[in-house]
Amino acid sequence: SRSPQGGKVVIVYGPQIDISSVGYLSGSDQYGIGRSGIGSCGASAAVLNELRSMGGPGSNRERGNTSDEYSAEWSVKSLVTGQENDILSKLREDLIEANVDLNSSDQNYLLAEVTKKLYNLVSDTLIAEVDACFTQKGFWNDIQEVVLLGGIVINRDVESS
């Protein structure tokens with residue numbers, strides 16, 4: 001890997017979620033973007049659709065089509081590889097362990113839970129990767145500092161500003 005001159009590395013990570021002017025976690029009119037109804041940058045909603053279409057934890061069942069409003073443009077079906085499928089399985093296990101009912105009709109609750117679990121999964125994975133790098137011979141030759149900055153970005157609707 002490479003680092004910038006001076007060896008100071010900052011890694012910013014985390015999902016985003018949109019809150020509409022009426023409080024729904026599903027879509028907002030963001031200033032200058034001009035689209036609405038997509039929400040949560042599409043990722044949390046697409047992941048939720050994938051999780052709903054999977055069988056139980058560790059299932060090899062092929063993901064089926066979902067017909068709800070989030071799947072049309074933002075489906076991740078064509079992007080899912082073996083590694084991504086492992087991530088989806090881990091995320092599903094985390095949600096089930098936290099007693100999250102993926103069949104709940106409360107879309108706000110589900111999107112919030114999926115977004116939080118996505119953040120935790122990405123954060124844990126990234127920290128483990130950076131920790132593993134720290135011990136590699138020569139890692140600190142070119143790097144002086146590593147900063148991880150993670151969080152959930154919340155976008156508000158233009159009308160709620």
Name the single residue that is nearest to GLU50 (Cα to Cα) among those in region 108-160 being of a type in the set (D, E, K, R) and free of Cβ contacts under 8 Å to residues at least 12 places away in the same chain. ASP124
Can you confirm whether region 40-54 contains a residue that is among the polar types (S, T, N, Q), modelled with pLDDT under 75 and assigned to a helix (DSSP H, G or I)? yes
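Residue by residue through region 7-39, note down the ones that are over 15 Å from GLU113 (Cα atoms), of a type in the set (A, V, I, L, M) and at pLDDT 80 or above.
Just the residues of region 7-39 that are over 15 Å from GLU113 (Cα atoms), to begin with: 7-13, 20-23, 27-38.
Within this subset, residues satisfying the condition of being of a type in the set (A, V, I, L, M) are 9-12, 22, 33, 38.
Within region 7-39, VAL9, VAL10, ILE11, VAL12 meet the criteria.
The values are calculated or read from the model by the stated rules, or taken from the named source; none is laboratory data. In this text the structure is predicted, and so the values were computed from the model without any measurement. As a convention, Cβ positions derive from the backbone with ideal geometry for all residues, glycine included, and neighbour counts pool all protein chains shown.
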